[in-house]
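Structure, as structure tokens:
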Amino acid sequence: TSTTRTLASLPSTSLWHSDETSKFNIKNHRWSSTSAASSNNEPKIDYLSLPHSSPEVQNLIEHHARKSQTSASLQTLMKTGRGEFLHKLAKHNQGGGFASVTSRPEDESEATPLVLVQVASFLRRELPIRLAHRIHDLSRVSYLQDMKSVQQVKDLYTTSFLEILSVDKHPPTREGSEAWEEQFAKILENIYERHSSVLVQMARGAFELRAAIRKGALLGVDDDGCDEGQKTTNEKELQVGRDAVEFELMESTHAFLDRFYISRIGIRVLIGQYLSLRQPPVENYVGIICSKTSPYEIVKRAIDDAAF
């Protein structure tokens, strides 16, 4: 969409938290025919059949949450989309069938099948890590974790996490790479659409938390369970307690939501860039990234959106 393209055309910046990054970079991500063969020979686990609360799923989440997220600037995403890092794929896979297929597309805004496989392979590794970090946070944020809407978001992220893990880590063969990439793209399309409601759900969770505070539920008191005399006697004390809890929790909740939303932007840019590369090319765009950005046009669109 035009809104997404505008977002991605902003100056190159990190799409993750600085304390969760690593030196591993997308431009150095390589597909290994050896590791693919060995991983594909392992017994395949039906991740989607596992209950979210099962020890197996919780261990998977903890395992991926311990890994660092990968740096991916907008410049790197654009160069990858143009096929400027295909030589790294070929160099690492000489003898594996990819060495002779390294030419960049004539139209730099159009991604070749090999570019799509390279990007998909990176996302297959990276997205479970990012989703696991968010699931981990949602499970531990004070009080907010108990809100119904937040629990629904956590379930949503867990479902997406397991869906991505259900796809083989690498294409089985060069001949099967395009089919593997197409299967992976369909899963990400569903995830991208499914996660579109997360902003509203998290906002609803914040309202649920505020309502619980004002009702006294977080203080271990429920006004509805008191008679009129008790309400009068305890009213001032309860109000002081509510105000203190609300201030402390809402401050920490806002900080958590800021971090969560920033991470969400990064995830959606990565998925949106990949899915856009699969679409017919648009002039001056590589995926959702505009190579000829106009600050005036960005501000104008923002004004139009706000007015609407």
* Do you know which residues across region 121-163 are β-branched (Val, Ile, Thr), open to solvent by less than 10 Å² (accessible area, probe 1.4 Å) and touching a residue at least 60 places away in the same chain (Cβ under 8 Å)? -> Ile129, Ile135, Thr158
* In region 250-308, what residues are more than 21 Å from the chain's Cα centre (by Cα), of a type in the set (D, E, K, R) and part of a helix (DSSP H, G or I)? -> Glu251, Glu297, Lys300, Arg301, Asp304, Asp305
* In region 32-47, which residue that is open to solvent by less than 100 Å² (accessible area, probe 1.4 Å) and in a helix (DSSP H, G or I) is modelled with the lowest pLDDT? -> Ser33
* Structure fact -> Pro113 meets each of (1) touching a Leu at 6+ places or on another chain (Cβ under 6 Å); (2) closer than 22 Å to Asp168 by Cβ; (3) open to solvent by 10 Å² or more (accessible area, probe 1.4 Å); (4) at pLDDT 85 or above with one exception, condition (1)
* Taking helices (runs of 4 or more DSSP H) that do not extend beyond region 113-220, which have at least 3 residues that are touching a helix residue (DSSP H, G or I) at 6+ places or on another chain (Cβ under 8 Å) and of a type in the set (Asp, Glu)? -> 177-194
* Structure fact -> Of the residues in region 149-202 that are of a type in the set (Val, Ile, Thr) and within 19 Å of Arg278 (Cα to Cα), the one that is modelled with the lowest pLDDT is Val167
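The values are calculated or read from the model by the stated rules, or taken from the named source; none is laboratory data. Quick caveat: nothing in here was measured; it's all calculated off a predicted structure. Virtual Cβ from ideal backbone geometry, glycine too; neighbours counted across all protein chains shown. These accessible areas exclude ligands, DNA and RNA; they are computed on the full protein's heavy atoms, side chains included. Shrake-Rupley method; radii C 1.70, N 1.55, O 1.52, S 1.80 Å.
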